[in-house]
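The values are calculated or read from the model by the stated rules, or taken from the named source; none is laboratory data. Values in this document were obtained by computation on a predicted structure and should not be read as measured data. Virtual Cβ from ideal backbone geometry, glycine too; neighbours counted across all protein chains shown. What goes into the accessible areas is simple: the full protein's heavy atoms, side chains included, and nothing from ligands, DNA or RNA. Shrake-Rupley method; radii C 1.70, N 1.55, O 1.52, S 1.80 Å.
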Amino acid sequence: MAEQRDLPGWPKKRLVRDVRRHLWHYGIRPKGEAWRAAWSWASAIANSYYHTHWPMPSEIASQYVLLLLADMKGSCSLKLPYRASKVIPDEVRRLLPSSPLPLLEDGRGKRNKAPAIEASLPPLIEGDSEC
């Protein structure tokens, strides 16, 4: 089977196609540094097994999205409107996770506190003091 030789670890073309398909389902067209970094990360995981075993396409896609979010946070682009924490329709509230992601915490490991923000909302909605 043919490999995708321009990506780290030379993954099979079918695996790359499946990861792209998974991301395309959400309207994401992968490219750039985060795309190569996600494959480097997946390659390191694959090589950590005795017999090379690549992560599933959805897992590699998740790594890519996580790297995109980290890039957005680093460039102070990961923001929502101030009132987003106060005006949340029930359908949106159901989609939000109840536990916060470590990615969205500040560097000291503590969540940024903003007035009148419920504890069940992820810190993505809260203000970021660094930006």
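The rows are residues; the columns are (1) of a type in the set (A, V, I, L, M, F, W, C); (2) assigned to a loop (DSSP other than H, G, I, E, B); (3) modelled with pLDDT of 95 or more; (4) exposed (fewer than 11 other Cβ atoms within 10 Å of the Cβ).
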residue: D6; (1), (2), (3), (4): no, yes, no, yes
residue: E33; (1), (2), (3), (4): no, no, no, yes
residue: S58; (1), (2), (3), (4): no, no, yes, no
residue: A70; (1), (2), (3), (4): yes, no, no, no
residue: A84; (1), (2), (3), (4): yes, no, no, no
residue: P100; (1), (2), (3), (4): no, yes, no, no
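Could you grab me the full set of residues in segment 15-31 that are surrounded by fewer than 12 Cβ atoms within 10 Å (Cβ to Cβ) and assigned to a helix (DSSP H, G or I)? Listed by number, the list holds a single entry, R21. For segment 72-82, filtered to residues that are of a type in the set (A, V, I, L, M) and touching a residue at least 24 places away in the same chain (Cβ under 8 Å), the residue that is surrounded by the fewest Cβ atoms within 10 Å (Cβ to Cβ) is L80.
Total residues in segment 38-56 satisfying the condition of being assigned to a helix (DSSP H, G or I) and more than 12 Å from the chain's Cα centre (by Cα): the figure is 9. Applying a threshold of 6 Å to beta carbon distances and a minimum spacing of six or more residues, or different chains, the list of pairs starting in segment 31-42 at a residue that is within 8 Å of P8 (Cβ to Cβ) and ending at one that is open to solvent by 20 Å² or more (accessible area, probe 1.4 Å) and modelled with pLDDT under 95 reads W39/P8; S40/P8.
The residue that is modelled with the highest pLDDT, among those in segment 86-98 that are open to solvent by 50 Å² or more (accessible area, probe 1.4 Å) and more than 18 Å from the chain's Cα centre (by Cα), is E91.
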